[in-house]
1. When you look at residue 157, is it over 23 Å from residue 43 (Cα atoms), surrounded by fewer than 13 Cβ atoms within 10 Å (Cβ to Cβ) and outside the structural domain of residue 44 (by TED's automatic domain parsing), yes or no?
2. What tally of residues in segment 73-92 results from selecting those that are exposed (fewer than 15 other Cβ atoms within 10 Å of the Cβ) and not in a loop (DSSP other than H, G, I, E, B)?
3. Looking only at segment 61-72, count how many residues are in a helix (DSSP H, G or I) and in contact (Cβ under 8 Å) with a residue 24 or more places away in the chain.
4. Which residue, of 84, 123, 59, 112, is modelled with pLDDT under 85, farther than 30 Å from residue 161 by Cα and in contact with a helix residue (DSSP H, G or I) (Cβ under 7 Å, 6 or more places away or on another chain)?
5. Just for segment 19-55: of the residues that are under 15 Å from residue 123 (Cβ atoms), in contact with a helix residue (DSSP H, G or I) (Cβ under 7 Å, 6 or more places away or on another chain) and part of a helix (DSSP H, G or I), which one is modelled with the highest pLDDT?
6. Given 136, 106, which one is exposed (fewer than 13 other Cβ atoms within 10 Å of the Cβ) and within 30 Å of residue 166 (Cβ to Cβ)?
7. Being assigned to a loop (DSSP other than H, G, I, E, B) and either surrounded by 12 or more Cβ atoms within 10 Å (Cβ to Cβ) or under 24 Å from the mean Cα position of the chain (by Cα) (or both), is that true of even one residue in segment 110-121?
8. Looking at this structure, is residue 97 in contact (Cβ under 8 Å) with a residue 24 or more places away in the chain, part of a helix (DSSP H, G or I) and more than 25 Å from residue 24 (Cβ to Cβ)?
């Protein structure tokens, strides 16, 4: 049994406080991740979104407009089934056909999960943005100063200043 979804993929990516649309998955990859998550335990749609958001450290959460149609498609082809729930939310569980589908696509699932991990890693690197910017600024100023300063004492003073800053950074908690 194959799964295809013609819905356009989208997601939420927050950077510097601004929401951005970012495509992380194709529909087949998202379906595999959703199957994987409900294989671990039955979940409702919002919980699936939160699980993906958590895995990426908050850097990506697929929109409900993508997740719910994908869940409906997975249910339609028999890879998931709605489970009786005590609340108003629809709870989804994996079927035997869904487990077989997932078992036959472990490499694709691993690649999709690796994408989520890569999104998390990229987002955590972005958190160091102010430090990276400051280092680039320091480098540019140093290059300019070295190109225009010929006096040895000024160069020694500059080296002392950089050494002092390095020591202060080392001592930071």
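The values are calculated or read from the model by the stated rules, or taken from the named source; none is laboratory data. Everything numeric here is computed off the predicted structure, so don't read it as measured data. Cβ atoms come from the backbone with ideal geometry, glycine included; neighbour counts cover every protein chain shown.
1. Yes: the conditions hold for residue 157.
2. Qualifying residue count, segment 73-92: 3.
3. 6
4. 59
5. 52
6. Only one candidate passes the filter, namely 136.
7. no
8. Yes, satisfied.
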